[in-house]
Amino acid sequence: MYALVTGASRGIGKSITKSLLKESFSVIGTARSSEFPNEFSQHDNFEELYVDLSDPVAVESKVKPIFDREEAPTVLINNAGVFMESGFEKDDETWLEKWDQTMQVNLRAPALVSKWALNRWIKEEGGYLINISSRAAYRGDTQEYSAYAASKGGLVAFTKSVARDFGEHNISAYSIAPGFIKTDMAMDSIDVYGEEYLTEGMAFDEITSPDEVGELVTFLAKGKVPHMTGSTFHINGGSYMI
């Protein structure tokens, strides 16, 4: 099978890509600027693509042609995202600028790329859309990161809308809502607050490994549970149960 993974060079995206390649998927992985691990760059089934998802022109010129290829991905994993602070004490212009940047990367770009994929999959009768949302979509976040929570909530609603209308074309759509995952982003928080603070309220005394998310994504990408379309898979160490 053939998959496109955004934000594949690090964090959750890296684990997703590693798991897919292990299961003999061919993968196109995107990154904004960070280098891909050698194990990806030297892999016969991996293709790297550098694109800034905050730039709509770049997204259209570099990503859209992928779905015009003779063989296009039948799995799309919208993983790339930004987590930008924008407190309510900031002036309106600055506050809205951060909101717009967050929405572009976390919601607008994934929705547009999904549109291109869906239009291709309708013709070929089948595909799997997997959107990486967040616990914050359900629990909310602090006011400084309300844009992040809102963007991820929008992504979940978008995924459900896709699931409702495209099942007749053998297309399934899922959301995954991670809590704190042991990535570079979480490590920054650990440096500030300590790991005990981040695991407070969890069922475990450790932060979730990104490998768990990678395994879950691969399971869904293999088409094992198509009738779970529209579902959100919560992987947050039991810190927020629905």
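So here's what we get for this one:
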item: Count of residues meeting criterion [under 24 Å from GLY223 (Cα atoms) and in contact with a helix residue (DSSP H, G or I) (Cβ under 9 Å, 6 or more places away or on another chain)] in region 44-62; result: 2
item: Residue tally, condition closer than 15 Å to ASP211 by Cα, surrounded by 15 or more Cβ atoms within 10 Å (Cβ to Cβ) and not hydroxyl-bearing (Ser, Thr, Tyr), over region 8-59; result: 10
item: Members of region 219-242 that are part of a helix (DSSP H, G or I) and surrounded by 18 or more Cβ atoms within 10 Å (Cβ to Cβ); result: LEU220, ALA221
item: Meets criteria (modelled with pLDDT under 95 and out of contact with any strand residue (DSSP E or B) (no Cβ under 8 Å at 6 or more places or on another chain)) for THR183; result: yes
item: Top-ranked residue in region 203-222 [being among the aliphatic types (A, V, I, L, M) and within 14 Å of the chain's Cα centre (by Cα); ranked as nearest to PHE25 (Cα to Cα)]; result: ALA221
item: Any pair with Cβ under 8 angstrom, 6 or more apart, that starts in region 19-46 at a residue that is assigned to a loop (DSSP other than H, G, I, E, B) and at pLDDT 95 or above and ends at one that is crowded, with 21+ Cβ neighbours inside 10 Å and basic (Lys, Arg); result: PRO37/LYS14
item: Matching option when the condition is within 23 Å of LYS14 (Cα to Cα) and in contact with a strand residue (DSSP E or B) (Cβ under 8 Å, 6 or more places away or on another chain), among THR208, THR218; result: THR208
item: Number of the exception - ARG108 against (1) within 15 Å of the chain's Cα centre (by Cα); (2) farther than 24 Å from ALA173 by Cα; result: (2)
item: SER41 farther than 26 Å from THR142 by Cα and among the small types (Gly, Ala, Ser); result: yes
item: Residues of region 47-69 that turn out to be of a type in the set (S, T, N, Q) and in a helix (DSSP H, G or I), as a count; result: 1
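The values are calculated or read from the model by the stated rules, or taken from the named source; none is laboratory data. Keep in mind that this is a model prediction, so the values were computed, not measured. A quick note on method: Cβ atoms are made from the backbone with ideal geometry, for glycine too, and the neighbour counts reach across all protein chains shown.
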